[in-house]
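Below you'll find the structure, written out as structure tokens, and then a few comments.
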Amino acid sequence: MAAGCRDADRYRSATSQSGCIDPQGGGGPGPGVEPDGGDRDRPHPAAIPSGLAKVPAGHVRVVQFERQGQKFGPLEATWHADDGQLAVEPLSLTLGELKLSGALEWQASGEASLSRAQVKATGGNVGSAFQALDQQVPVTSESADADMQLSWPGAPWQFALPLSTGRVQATLENGRLRQIHSSGAKLVGLFNLDNVLRRLQLDFSDVTSGGTAFNSIEGSATLYNGRLQTEGPIVVDGTATRFTLSGSVDLNRQTLDQRLGITVPVSQNLPLVAVMAGAPQVGIGLFVVDQLFGRWLDRATQIYYRIEGPWSSPNINLESAQ
């Protein structure tokens, strides 16, 4: 209960309420609800139903099930309940080439409730999970390993990412970031990095019609008050280039505040017209040095860009070059 109240206090601080979650108070926007729609549009966190302790403990295994034409499985779950919570542990589901395992808890929190989820995902192509869900594929991989902890006000079916608090850590190996147009998928696609690189007209061998290739991606981020914040830089080891990405994403306003770092041999595969975008004096300086010292620039040049604005069309400005 104390842990539930701690998470409820975080939710309260974001909605200017007091005490644990008030079922009559506001939440944040749920799926399909406009972020700034006001309290009247926000879902009320559901209360734990009376008689929950009467739910018998159980176990189920479903080899395969179908939803809207998409097939999933196997699904396996074990659950038990008391007056204050329903716990599903262990819980596992196969989604494409990924196996998801973890636990789900629904706990009483004052007169309302709080849900918690812990998920570990391991497997091959992360894109197969998006395909299984009939979604655009923002990223593919040969292998994937991720851990996620999330909590949100209300029942498990009231999940809304902008209202959730938690942390995610992931490592992907040998894949591609793809240019996509779904706003939700852009978040998973490393804040639409492929689209940003194409707008910069960076002539990397990593960037092809099939997407931005990478050897590995590794990083972690926290989620609080509708803002996803990286913990240190996300590192993308490209096939010819190294990228770092740090900053935040506002899930309510769907905006970015990012710093993109690129380590690349400039004279080989980075057009100076791209480097000069937003800061021509830096590009001119690089051009002069390249002419004077030739292949000296090939050793390792770092360029940093500031990315700010809406997901679909952020402003991209050169910040510095070294």
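Using 0.36 nm per residue, how much length does the chain from Glu231 to Val63 gain when fully extended, once their Cα-Cα distance is taken away?
Numbers: separation 168, 0.36 × 168 = 60.48 nm, distance 3.79 nm.
Extra length from Glu231 to Val63 when fully extended: 56.7 nm.
Quote the FRET efficiency, to the nearest 0.05, computed for Gln169 versus Thr78 with a Förster distance R0 of 25 Å and r equal to the Cβ-Cβ distance.
According to the calculation, E is roughly 0.45.
I need the phi-derived Karplus couplings for segment 140-154: 6.51 cos²θ - 1.76 cosθ + 1.60, θ = phi - 60°, integer Hz, Gly and Pro marked x.
Running phi through 6.51 cos²θ - 1.76 cosθ + 1.60 with θ = phi - 60° gives 10, 7, 7, 8, 8, 8, 9, 10, 9, 10, 9, 9, 8, x, x Hz.
Could you work out how far apart the two model spin labels at Ser101 and Gln135 are, taking each label as a point 7 Å from the Cα in the direction of the beta carbon, and quote it in nm?
Going by the 7 Å Cα→Cβ label model, 2.3 nm.
If you average the alpha carbon positions of segment 247-261 and of segment 62-95, how far apart do those two centres end up, in angstrom?
With segment 247-261 and segment 62-95 each reduced to a Cα centre, they are spaced 33 Å.
By how many nm would the segment from Arg253 to Asp147 grow when fully extended, if each residue of separation counts as 0.36 nm and the alpha-carbon distance is taken off?
35.6 nm
Lys and Arg at +1, Asp and Glu at -1: add these up for the other residues within a Cβ distance under 15 Å of Lys99 and post the number.
Result for the neighbourhood of Lys99: -2.
Laboratory data are not the source of any read-out in this text; all were calculated from the coordinates shown. Worth saying up front: this structure is predicted, and the values here are computed from it rather than measured. As a convention, Cβ positions derive from the backbone with ideal geometry for all residues, glycine included, and neighbour counts pool all protein chains shown.
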